[in-house]
1. With label points built 7 Å along Cα→Cβ from the Cα atoms of D83 and L70, find their separation and express it in nm.
2. With a Förster radius of 30 Å, plug the Cβ-Cβ distance of H121 and R57 into 1/(1 + (r/R0)^6) and report the FRET value to the nearest 0.05.
3. May I ask you to compute the full-extension gain from R49 to L31, defined as 0.36 nm times their residue separation minus their alpha-carbon distance, rounded to one decimal in nm?
4. Using a 10 Å cut-off on Cβ atoms, rank the peptides 40-46, 30-36 from the highest mean neighbour count down.
5. Taking θ = phi - 60°, what integer Hz values does the Karplus form 6.51 cos²θ - 1.76 cosθ + 1.60 yield along segment 67-73, in sequence order, with x for Gly and Pro?
Amino acid sequence: PNTIRSSSAASDVYKRQIHKDADSTARAKSLGIAAGVDYDTETGAITIRLDRPPPARTGLLTLKVTHPTLPNRDQLVQLTPLDPASYTGRLDPLGTARWKLQLYPSDKSWRIEGRLAMPDHPSTRLD
């Protein structure tokens, strides 16, 4: 009996997280938040250029970089503002893969995402 209840509870948590993720993506779209990304394979520098400055009180931005099959390669980077719409950070070397990128503020009120196909395409769009 506990297994069924635990499984059901886990399913509910998963559904709530999916809904929350969809809400934060929809919020970013309604705010017009999108960005260009450039990754420098030589230095590991990653630069995010938002199409427009983020909403006031956005706070720190975090970039989550996820490998498609190897979770031990995933990275989480706090970005440093360069100007009101540009941010930078440094990543460990990215191997060959289609990396998933997610950008969000500290309150996670919105989120934009995209894919970075390394090593052939070190630039992409997040929306």
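Rule-based calculations on the coordinates, nothing more; no lab input. A quick note: this is a predicted structure, and the numbers were derived from the prediction, not measured. Every residue, glycine as well, gets a Cβ built from its backbone with ideal geometry; the counts of neighbours run over all protein chains shown.
1. Output for this residue pair reads 3.7 nm.
2. That gives a FRET efficiency of 0.35.
3. Gain on stretching R49 to L31: 4.9 nm.
4. So the order, starting with the most tightly packed, is 30-36, 40-46.
5. 3J(HN,Hα) across segment 67-73, in whole Hz: 6, x, 9, 10, x, 6, 8.
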